[in-house]
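All remarks here apply to the structure that follows.
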Amino acid sequence: MAASDLTAVFDHIDRNRDAFLDRLIAYLRHPSISAQNIGIAEVGQLLVGMLTEIGLETSLMPTKGHPMVVARWQKAPGKPTVLLYGHYDVQPPDPLDKWISPPFEPTIRDGRLYARGVGDNKGQHLAQILAIESHLKVHGTLPCNIILLLEGEEEIGSPHIADFVREHGATLKADLAITADGPRHSSGAAAIKFGSRGVVSFELRCRHAVRDVHSGNFGGVVPNPIWTLVHLLGTMKNAAGEITITGFHDGVEPPAPEEIAAIERLPLDVEAVKKSLGLSRLDAPADRPFYDRLCFRPTLTINGFHGGYGGPGTKTVLPCEAFVKCDIRLVHDQDPEDILRKVAAHVAQHAPEVEFVTFEMGMQPSKTPIGSPWTPKLVRAFIAAQGEDPLLIPAGFGSLPGYVFTKILGIPAFVTPYANPDEANHAPNENLMLDCFHSGIRTGAAVLHELGD
């Protein structure tokens, strides 16, 4: 396809900027909260109608949980097929009193659209849909074949997507997968991410006495479950920032030279980061490079510690029970089940009286080499749409179900975030800059053009 073909699509997108924004606003008025099963069925059907109307073969496909929306256009023989992933479910809007405007009444303020789900992920996958529509409106065809997969359970950990992809692998087979999700780089620059960290969560529970007791009458006699958990946690990660669970780092390979070079090119102002968060220092070890931590290192995080008295003043009580919630972010080559087995063995060895509880919500890491032959095409698309070279980030810092593409379908997977860095996803006043939405539509259109060229 000639460059003029893409220019014509860009012109169409620019002419319809206001109309596309109106459609996003209308879409956002429909809640689709997976954790509470609010509006999921309705939005699934809404998407089927929308995608069918623009010319895609579309179906709502069941899972053991919320359904998947699958749409396709495969009328370009000899051209590659790209699988475009997104999710139509959103986070609960709580706390409602922190929203300046109601979460499902989209409101524009200072060049931003505020609504739950606008950045994560409705605005971003709608940008992909409008890019597809724009090609079809202008040329009556697409430069390449597409499969669109929209999930309804991403915000609750994507518990059924792996089984779905295994079951329907033949009909989902593509040459590559692209996810438009997450924020651009913190500097505001465009970025392409080549994977994401996985995640597992667990809870440690400890109970000693059958009831709380007086800390004077029984202190030094009755064991304190909070101390038991504190000492156990101290055996899992030391003050130097090292995770000391046996076998935890087995199989983790050092980053490749091109990955190190990529993170060294990422803009960084550590002092500004610390100032924005009110920090006097970064987490230990102090000499570990900033992006090395986020791309190549697993983490062990205490999400919450609960036990004993927490009210005003003092209460000289020795509590009978306590629990702690933790998560682990996994890097490439770490397997969630293997890591949880190792944590369980560690707990059994160091504190056998502590109960180890795991949760179904978990996700494998994924990774695509920066040297993929698809990388130059994606870079050219970003330059055509946004006028700048995108940053190349070896792995995203959060977790997405990209592993179902890289490990189940066996295809390279990329993340092309369109949202502003301060989108406040999962928080009150989630927002998307209007320029980011418009740029996302242009970028999606350019990606399709480059893939088919």
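The values are calculated or read from the model by the stated rules, or taken from the named source; none is laboratory data. These numbers were taken from a predicted model, which means no experiment stands behind them. Please note: Cβ atoms are built from the backbone with ideal geometry, for glycine as well, and neighbour counts cover all protein chains shown.
Things to note:
- Within the range 409-442, the set of residues being among the hydrophobic types (A, V, I, L, M, F, W, C), touching a Leu at 6+ places or on another chain (Cβ under 9 Å) and in a helix (DSSP H, G or I) comprises Leu409, Leu434, Phe437, Ile441.
- Unique match (being touching a Pro at 6+ places or on another chain (Cβ under 9 Å) and small (Gly, Ala, Ser)) among Ala3, Ala26: Ala26
- Within the range 358-380, none of the residues are more than 19 Å from the chain's Cα centre (by Cα), of a type in the set (Lys, Arg), within 22 Å of Cys144 (Cα to Cα) and buried (at least 20 other Cβ atoms within 10 Å of the Cβ).
- Residue that is in a strand (DSSP E or B), closer than 17 Å to Thr52 by Cβ and among the aliphatic types (A, V, I, L, M), where the choices are Leu149, Leu126: Leu149
Let's see how each residue does on (1) touching a strand residue (DSSP E or B) at 6+ places or on another chain (Cβ under 9 Å); (2) aliphatic (A, V, I, L, M):
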position: Phe290; (1), (2): no, no
position: Asn303; (1), (2): yes, no
position: Pro319; (1), (2): yes, no
position: Val324; (1), (2): yes, yes
position: Val331; (1), (2): yes, yes
position: Pro352; (1), (2): no, no
position: Glu360; (1), (2): no, no
position: Ser366; (1), (2): yes, no
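- In the range 298-334, the residues that are assigned to a loop (DSSP other than H, G, I, E, B), out of contact with any helix residue (DSSP H, G or I) (no Cβ under 9 Å at 6 or more places or on another chain) and crowded, with 17+ Cβ neighbours inside 10 Å: Gln334
- Selection of the range 70-84 for residues being in contact (Cβ under 8 Å) with a residue 24 or more places away in the chain and either part of a loop (DSSP other than H, G, I, E, B) or more than 23 Å from Gly140 (Cα to Cα) (or both) yields Gln74, Lys75, Ala76, Lys79, Pro80.
- Considering the range 89-114, and only residues there that are touching a strand residue (DSSP E or B) at 6+ places or on another chain (Cβ under 7 Å) and assigned to a strand (DSSP E or B), the residue that is nearest to Ile38 (Cα to Cα) turns out to be Val90.
- Check on Asn121, in contact (Cβ under 8 Å) with a residue 40 or more places away in the chain and in contact with a Lys or Arg (Cβ under 7 Å, 6 or more places away or on another chain): no
- Residue among Ser4, Ser34 that is modelled with pLDDT under 95 and either within 30 Å of Leu176 (Cα to Cα) or acidic (Asp, Glu) (or both): Ser4
- Selection count, the range 177-192, where residues are in a strand (DSSP E or B) and in contact with a Leu (Cβ under 7 Å, 6 or more places away or on another chain): 5
- When Val210 is tested against the conditions (1) farther than 26 Å from Arg184 by Cβ; (2) surrounded by 11 or more Cβ atoms within 10 Å (Cβ to Cβ); (3) modelled with pLDDT of 95 or more, the lone failure is (2).
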